[in-house]
Amino acid sequence: MKLGDPLLTSRPPRACKVCGSPDKTDFQVPNDVWKTVVPTEFQNKVVCVECFGKFACEKQVDLFRVYKETSGFGLNK
Ligand SMILES: [Zn+2]
């Protein structure tokens, strides 16, 4: 990578559409949680985990429940 490389000036395809950050967009939540938390205008777009967290706070969604469902999947059998 050198100065002036076109990759440095073009926007990453997965940048958050709320804050513009290309970081922390690689996370997953169940579809029903996504639709509950994320505003309709952003549901089909990329939202980073921090903006998702802000939306969740606004909607008063229990994030611990979300993380438990996503990371502990299949452990309670
Ligand atoms: Zn964001």
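The values are calculated or read from the model by the stated rules, or taken from the named source; none is laboratory data. Treat the numbers as computed from the prediction; the structure is a model and nothing was measured. Here the Cβ positions follow ideal geometry from the backbone for every residue, glycine too, while neighbour counts run over all protein chains shown.
Quick notes on this one:
- Top-ranked residue of segment 33-77 - restricted to ones that are β-branched (Val, Ile, Thr) and assigned to a loop (DSSP other than H, G, I, E, B), ranked as modelled with the lowest pLDDT: VAL61
- Cross-chain or 6+ apart pairs with Cβ under 8 Å, segment 4-32 first and more than 18 Å from GLN43 (Cβ to Cβ) and modelled with pLDDT under 90, then more than 14 Å from the ligand (Cβ to nearest atom) and not acidic (Asp, Glu): LEU7/MET1; LEU8/MET1
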